[in-house]
1. Separation of segment 143-219 and segment 322-401 by C-alpha centroid, Å?
2. Of all alpha-carbon pairs in the chain, indicate the percentage at a distance above 39 angstrom.
3. Calculate log10 I(q)/I(0) of segment 195-263 for q = 0.23 Å⁻¹, where I(q) comes from the Debye formula with a single equal point scatterer on each Cα and nothing for solvent.
4. Any chance you could give the angle, 0 to 90 degrees and rounded to 10, that helix 312-326 forms with the longest Cα principal axis of the chain?
5. What list of whole percents do you get for P(r) of segment 100-202, with Cα-Cα distances grouped in 10 Å bins up to the one holding the largest distance?
6. Which three lengths, in whole Å and largest first, does segment 362-401 cover when its Cα atoms are put on their principal axes?
7. Among Thr287, Thr54, which comes first, then next, by fewest other beta-carbon atoms within 10 Å?
8. Restricting attention to segment 1-91, which GluC sites (Glu not before Pro) occupy a DSSP loop and are surrounded by at most 12 other Cβ atoms within 10 Å?
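FYI, it's all coordinate maths here, none of it is from the lab. Not measured: the values here are computed from a predicted model. Reconstructed Cβ throughout: ideal geometry from the backbone, glycine too, with neighbour counts over all protein chains shown.
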Amino acid sequence: MKLKSSEPFWLVKNGIINSYPSLREDLETEVLIVGGGITGSLIAHQCIKDGYKTTLIDRREIGHGSTSATTSMLQYEIDIPLYQLTDQIGKKAAEESYWACYKSIDALEQIVKDIKSDCGFKKKESLYFAAFKKDVAGLKKEFEARKNIGMPVKWLEADEIDSQFQIKNSYGGILSEQGGSIDAFKLAHDILAFNHKKGLKIFDKTDIKKVTYLETGVEVLTEHGTTIKAKKLIYCNGFESTEIIKDDFVKLLSTYAMVGERFEDDQSHLSNTLFWNTAEPYIYMRTTDDNRLLIGGEDEEFVDAHKRDSLLTDKATKLTKYLNKILPNYDFRMDFVWAGTFGETKDGLPYIGEHPNFKSTYFVLGFGGNGITFSVIGMELVSKMLKNKKHALSDYFKFRR
């Protein structure tokens, strides 16, 4: 199999959108955000909206971390099914977490409209289907759990899935009304450009070498020898937070994704729906806004970059084989394949809030398969925290919970 590109599709598709300078002089700010991906951009958007003097820095170019590798499936479904999460953290906490994710997709749609982003946001349904016959019982239990709290879901039998989506070899599934897809790389750039005009200071290729905790906040020393004094520091750096937080709070994994050539024929049976299955690790699939099919999964429990990337050919072969199994009539020809690193928590929930070891500091770490929706929720939590108020979800997302 010939690999046409090992670069994430979004980087090649978008090219260089906006460039920002590295930090060349000392500065003072109220809020310093570390991380220029989709999470950092959303938190910066909220901070500017709330009137804070805000600065954002990234060790790379903007959006070149996990945001460039994400498949940008907007799901309210947490990696832990609702009925299992209820057993883990309690009924109230599980239901509120699911509903918050549900509402966050609509909130993100509003942000896209407000900033007039052309990131290809599209509302979609979501189909969670059984990969094996043995998974049906648990999936039906999940269907009942969601239905019982009023979520708009319906059960589809295998023949209905085949009829609606031309997907073979399923054993039934849950069709949800709520879902969506975007180009997260483009959206992050659009959000930052929008807020840059409103006073947000942005510096890329600016890494942190040391943080000093003061009575009035923090002082950050950068790789360039410049300093930033801030009243509050907010880390939006995803899996790289493990470099500074020594708790065993997240498991890092490598995931693989590939995108096919543009499809000229009608794909309406696929284009309005997100797809994912019950396999462990699960396979996920959606179309892009330029009529390509994206499929991913085949996760591995390691993050060594060389080892991860050496498996690209093998993983692409396996993903193609599975795609041929469920969509045997689809003429898929691969254009891009890439790997990325992400974090997985025991309860599928993010970590958003303070950590006892870091003064004047917050973390917004939207781990899991729906990290983008968690980041939207993080906007509300950060807004509350900066005003010394407590959010209803803060206990569920806190460290050492």
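1. Taking the Cα centre of segment 322-401 as reference, the centre of segment 143-219 is 8 Å away.
2. Tail of the P(r) past 39 Å holds 15 percent of the pairs.
3. Result of the Debye calculation: -1.16.
4. 40 degrees
5. 14, 33, 25, 18, 9, 1
6. Principal extents (Cα only, largest first): 30, 21, 17 Å.
7. Ranked by crowding around the Cβ, least crowded first: Thr287, Thr54.
8. Hits after loop and neighbour filter: Glu25.
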